[in-house]
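Readers should treat all values here as calculations from the given coordinates under stated rules, not as data from a laboratory. Quantities reported herein were computed from a predicted structural model and do not represent experimental measurements. All Cβ positions, even for glycine, are placed from backbone atoms using ideal geometry, and neighbour counts span all protein chains on display.
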Amino acid sequence: MGSYYAIVTCRNSDNEIENAINSLLKQTIKPKYIIVIDDGSTDNTHNILEALKLKNNNIHVITNPDLGYDIGRVVKNWNNAINFARDLNLEVTDYHMISTDDTHYEEFYAEKIMHNMDSDNRIAVSSGNYDNNSYATPHGAGRFVRNSFFNDVLGSYPEKMGYESVILQLSLYHGFKNVVNNDARFSHTRQLGANHHFYEFGASMRTLGYHPLFVIGRFMQCFLTGRPMGRLGAIRMLYYYLSYKPKKEGYDSMYDPEIRKAIRIRQKTRIKQILGLKTTETLEQ
C-alpha cells in the first residue's frame, strides 16, 4: 500500500481542529506525518495544536502571524507545507493529502483512496465523497495527489485563484485521470461556500480561460441539479464569471497563456464529445 502525508490549514479553529486531526490519526493507514498551518489564529487553536504535538511526534505546525482572513493564503500555505517537508528531508511519500480544519473521515478513507490509486498509476488526483450525489471531479478536501505527477507537472501550486482546478485540468491534459471514490466517505462541519459565496468558483473560471460553452454547461448542470452548490450558488458562479475583471498580476490575475490554451483544447474536445461530433483534435495538441 502507498504512503502519504497530510496538509491541514486552519484559522481560529479551536472548536474543530482537534477532531479534524484526530480523524487523520485514526485512519487504518495513517499519514507518515501531518503538517498543520495555523494562519494567524487569535483563539485557542495554537494551544490545542501544541498539545497535540506533544502527544504525536509526527505532527508539525507552521504558525503564521495574524494578518486577518484571506482565502488567497490557503494555496500559499499549501506550498509552505510542501517546502517544509522538502527542507526538513521528511520521508518521501507516494501521495500528499489536502485536508481542512472542518473535515472528518471514516477510518478506512485513506486506505480506500490509495488502494484505487495504487492499482492505476494514471490516477493523478482522487477524493472520496460527502453525500449521495455523483461528481465527476474530486473534491478539494480529502483530495489525494500523486506526488510523482505533481512534481513533474507543477512542482508547486500556482498561487492564484483556481489553484484547486488547475491541477485537475492539467492532469487530464497530460493524459492522467481524476477519480471520485464514492465508497470513501467524509463530512464537513461547515457548509460549502460559507466563506466565499462561490465568488472564486466563477472568477477563477475566467482567469483559467474556461470556454464559455463549458461554463454555461456547468452552470446548467449545477442549477438544474442543485448540486454541489445549490441554485443560488450556481447563479453566483455564472455572475462572477461574466463580471470578473482579472488583475494584471498576483492572486487575481490571469494564468499563463499556455495553461489557458491547454484548458481550452481539452474543453473544446469534451464539448464535441458531448455533442456527439467527430473530432480528430487530441488533448496533446
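If the cut-off is 15 Å between C-alpha atoms, which aspartates and glutamates fall inside it for Lys248, apart from same-chain ones fewer than 8 positions away?
Result set, ordered by chain and number: Glu159, Asp256.
Run through the DSSP bridge list for the chain and note the antiparallel percent, rounded to the nearest 5.
30 percent
What residue among Pro212, Tyr255, Leu242 has its Cα farthest toward the positive end of the dipole of segment 199-275, where the charges are +1 on Lys, Arg and -1 on Asp, Glu, each on the Cβ?
The residue sitting farthest along the positive end of the dipole is Pro212.
Where a Cα-Cα gap under 30 Å defines reach, which lysines qualify for Lys112, not counting those fewer than 8 residues away within the same chain?
List returned: Lys26, Lys30, Lys32, Lys53, Lys55, Lys76, Lys177.
Can you match Cα extents along the principal axes in Å to one of these, [x] 59, 41, 37; [y] 69, 47, 40; [z] 71, 56, 37, based on a calculation from the structure here?
Derived directly from the coordinates: [x].
In whole Å, how far is the Cα centre of segment 169-239 from that of segment 72-91?
Result: 26 Å between the Cα centres.
With only Lys, Arg, Asp and Glu charged, each at its Cβ (+1 for the first two, -1 for the last two), find how big the charge dipole of the chain is about the Cα centre; round to the nearest 20 debye.
Using only the charged Cβ atoms, the result is roughly 1360 debye.
For the chain, what is the calculated [θ] at 222 nm in deg cm²/dmol (nearest 500), taking -39500 (n - 2.57) for each run of four or more DSSP H residues and dividing by its residue count?
So the calculated ellipticity at 222 nm is -13000 deg cm²/dmol.
Suppose every K and R has +1 on its Cβ and every D and E has -1 on its Cβ; what is the size of the dipole of segment 1-124 about the Cα centre, in Debye to the nearest 20?
Roughly 360 debye, rounded to the nearest 20.
So, counting K/R as plus one and D/E as minus one, what does the shell of residues with Cβ under 15 Å around Ser243 add up to?
Overall, the nearby charge balance is +2.
Provide the FRET efficiency to the nearest 0.05 for the Asp87-Leu224 pair, computing r from the beta carbons and using R0 = 30 Å.
Computed FRET efficiency for Asp87 and Leu224 comes out at 0.05.
Using a 10 angstrom Cβ neighbour count of at most 13 plus a DSSP loop assignment to flag exposed GluC sites (Glu not before Pro), which longest range of the chain is free of such sites? Show your work: numbers first, answer last.
Values: sites that count: Glu91, Glu107, Glu249, Glu281, Glu284.
Excluding the exposed sites themselves, the longest stretch runs over 108-248.
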